[in-house]
Amino acid sequence: MDEYGNSGEGRATRRDEAVRAAVEQGLLGPDSPIVGLLDVTGIRESAAELRAAFAEVTAPGTPVLHAFAVKATPLVPVLRLLREEGIGAEVASPGELALARAAGLSPDRTVLDSPAKTPAELREALALGIAVNADNPQELDRIDGLVRSAVSRSPLGIRVNPQVGGGSIGATSTATATSKFGVALRDEGAREWVVRAYLDRPWLSRLHAHTGSQGIPLSLMAQGVAETYALAEEINRRIGRPQIDTIDIGGGLPVNFASDATAPTYAEYARALREAVPGLFDGRYGLVTEFGRSLLAKHGTIVARVEYAKSAGGRAVAVTHAGVQVATRTVYVPGSWPLRITAYDGKGRPKSGPEVVQDVAGPACFAGDLLAEGRALPLLDQGDYVAALDTGAYYFAHHYAYNSLARPGVYGFVPDRATGVRFATVRDPQTLASIVAESGGAHAGALTTLHTPGSR
């Protein structure tokens, strides 16, 4: 643990020092007006808290794999750091699998959960020995063929949808009646089909479900796990032996975006699960978790320079370099994905002064590109900085190329007694040449060579 301690206050102190140091060391400035910052100390602490929370409730010797949902922060150095902290990888595409492999994640620490796996993806996963959860009967048919044609070390299972309902954000609720994920258990005949699938396939040894993420209350998450556990018990009872030896409970712990406090905690969730599903932790089943947002969100910050300060209709407007390209969900659905905004002066120090209701706008060319609307902050001036907090997951690593805006550089940081703050490059800022290349620059004349017959 670092000198600031593992608390919201400690995170805030580290963040403030990192913003000031980023300005002083030239990572932020007129020519580099936006960066992403990752608190390495905080990430390590979250990983340790996750491991400790489940170690507290599981029987000694229970195999537990905490697999980070790569989609939350698909950056190779982040995956390597988490690997060092004992965390594996949950991947949902060939790209995410490639990132996990580049970070050195071994197949036995990797889980593939994509809802649209191609034959090539399945073949690769089974050849490597990566755990695979089949999403639907047609996918299981494909796996049948691959298992018959080649021996695989992959642990294999089926993803089910317990259909226990949704939370406050529909887009992140994955256990609704019509969710696109998994086999819907309450549909007519579905539960018996799942049981029969295991009866017919002795090599199916896992069961997977995920209730949702942000906006899902702990009670609903626990209910989804309880339904999955009950199904595993039923299947093993019908088979007459413990064929299912591992239950994958997904991730989805909500994040508190209202303050620096971590709430709920992994420990609270683990205790809630032990109370709701005590048999899950008695050592008869191995466990897999797939947390993403809760591991990274509170340890990331987007910092952007105020390029212009103006007013419109009597309201102050700060035009910054952080908008829809880095905070897509917040800009388009601000009610579900609000972000806290902190003001810093031109030297990167927390800004003080009377609070003024103002808009914090992004650089994209549409009126709705607002990080925050009508927010009370110290009045922002040209050359100040704004920080969008809790953005370590699903923000600066999920670039939306509106107006061909460049992806910002991302830097990890730790407190350093000699220099104050030490930075390491996680991802270089995107260059204009890269933007042109990604936009077909090598094929500039391609369309001019195509002519409708008879047009010339």
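Quick one: would you say Ala304 is surrounded by fewer than 19 Cβ atoms within 10 Å (Cβ to Cβ) and in a strand (DSSP E or B)? In short, no. Which one is nearest to Pro60 (Cα to Cα) among residues in the stretch 260-285 that are of a type in the set (A, V, I, L, M, F, W, C) and in a helix (DSSP H, G or I)? The residue in question is Phe281. Taking every residue in the stretch 142-157 that is under 14 Å from Ser205 (Cα atoms) and pairing it with any residue that is assigned to a helix (DSSP H, G or I) and modelled with pLDDT of 95 or more, at least 6 positions away or on another chain, the pairs with Cβ-Cβ distances below 6 Å are Ser152/Leu126; Ser154/Leu126.
Taking the criterion of being part of a loop (DSSP other than H, G, I, E, B) and farther than 19 Å from Gly251 by Cα, the residues of the stretch 132-154 that qualify are Asn136, Ala150, Val151, Ser152, Arg153, Ser154.
What residue, among those in the stretch 201-213 that are assigned to a loop (DSSP other than H, G, I, E, B) and either β-branched (Val, Ile, Thr) or under 16 Å from Phe181 (Cβ atoms) (or both), is modelled with the highest pLDDT? Let's see the steps before the verdict.
Going through the stretch 201-213, the residues assigned to a loop (DSSP other than H, G, I, E, B) turn out to be 201-203, 209-211, 213.
Applying the additional criterion that residues be either β-branched (Val, Ile, Thr) or under 16 Å from Phe181 (Cβ atoms) (or both) yields 209-211, 213.
On the way: Ala209: 89, His210: 80, Thr211: 82, Ser213: 72.
Checked the stretch 201-213; the qualifying residue modelled with the highest pLDDT is Ala209.
Residues that are at pLDDT below 95 and not small (Gly, Ala, Ser) were ranked within the stretch 74-121; the one that is surrounded by the most Cβ atoms within 10 Å (Cβ to Cβ) is Asp113. Counting only residues that are free of Cβ contacts under 8 Å to residues at least 40 places away in the same chain, outside any helix (DSSP H, G or I) and either more than 15 Å from Phe68 (Cα to Cα) or outside the structural domain of Ala184 (by TED's automatic domain parsing) (or both), the stretch 91-131 holds 4 of them.
Among the residues of the stretch 25-62, what is the count of those that are among the aliphatic types (A, V, I, L, M) and not in a helix (DSSP H, G or I)?
The total comes to 7.
In summary, Leu65 fulfils each of the numbered conditions (1) among the hydrophobic types (A, V, I, L, M, F, W, C); (2) assigned to a helix (DSSP H, G or I); (3) touching a helix residue (DSSP H, G or I) at 6+ places or on another chain (Cβ under 7 Å); (4) farther than 30 Å from Val326 by Cβ with the single exception of condition (2). Check Ala102, Ala59, Ala131 and return the single one that is over 18 Å from Glu290 (Cβ atoms), under 20 Å from the mean Cα position of the chain (by Cα) and among the aliphatic types (A, V, I, L, M). Step by step, each of Ala102, Ala59, Ala131 is checked, and only Ala102 is over 18 Å from Glu290 (Cβ atoms), under 20 Å from the mean Cα position of the chain (by Cα) and among the aliphatic types (A, V, I, L, M).
Could you list, in sequence order, all residues of the stretch 361-380 that are more than 27 Å from the chain's Cα centre (by Cα) and under 21 Å from Leu27 (Cβ atoms)? Leu380, the sole residue that qualifies. Taken over the stretch 385-410, the residue count meeting the criterion of being more than 29 Å from Ser213 (Cα to Cα) and surrounded by 24 or more Cβ atoms within 10 Å (Cβ to Cβ) is 1. Selection of the stretch 335-380 for residues being of a type outside the set (Gly, Ala, Ser), in a loop (DSSP other than H, G, I, E, B) and closer than 20 Å to His399 by Cα yields Trp337, Pro338, Leu339, Arg340, Pro363, Cys365, Phe366, Asp369.
The values are calculated or read from the model by the stated rules, or taken from the named source; none is laboratory data. Just so it is clear, the model here is predicted, and its values are computed rather than measured. As a convention, Cβ positions derive from the backbone with ideal geometry for all residues, glycine included, and neighbour counts pool all protein chains shown.
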